[in-house]
Amino acid sequence: MGNIIPVIIQLVCGALGGNAAGSLMKKLSLGTLGNSIVGIIGGGLGGQLLGMLGVGLSGGGTDIGSIIGSIAGGGVGGGVLLAIIAAIKEALAKNK
């Protein structure tokens, strides 16, 4: 049960990161719902990737280091995945 808190933080921060990236890159925005969904997925993946890489901040606990790692991994993961998905979507639209 203790490992669920960092995952929830990663998902929430992923949604926030996706929406922040969408508002900063209006041309690549997928809309609030799209940004949120992609951000949630990216947040989960980003947080898990940091954990697999052995980054100490994403240790899965509820100490301050793990929470900061979850926030960073989730937010960055959400923003990065949104940028990748939106760029692919734009590239496909140009080919039509």
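The values are calculated or read from the model by the stated rules, or taken from the named source; none is laboratory data. Just so you know, these numbers come straight off a predicted model, no measurement behind them. Reconstructed Cβ throughout: ideal geometry from the backbone, glycine too, with neighbour counts over all protein chains shown.
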Determine whether the range 47-65 contains at least one residue that is over 12 Å from Leu11 (Cα atoms), β-branched (Val, Ile, Thr), in a helix (DSSP H, G or I) and modelled with pLDDT under 85. yes
Only one residue in Ile37, Ile71 is modelled with pLDDT of 90 or more, within 15 Å of the chain's Cα centre (by Cα) and part of a helix (DSSP H, G or I). Which one? Ile37
Scanning the range 1-32 residue by residue, those of a type in the set (A, V, I, L, M) and within 14 Å of the chain's Cα centre (by Cα) turn out to be Val7, Ile8, Ile9, Leu11, Val12, Ala15, Leu16, Ala20, Ala21
So, in the range 40-53, of the ones that are more than 10 Å from the chain's Cα centre (by Cα) and buried (at least 19 other Cβ atoms within 10 Å of the Cβ), which residue ends up nearest to Leu16 (Cα to Cα)? Leu50
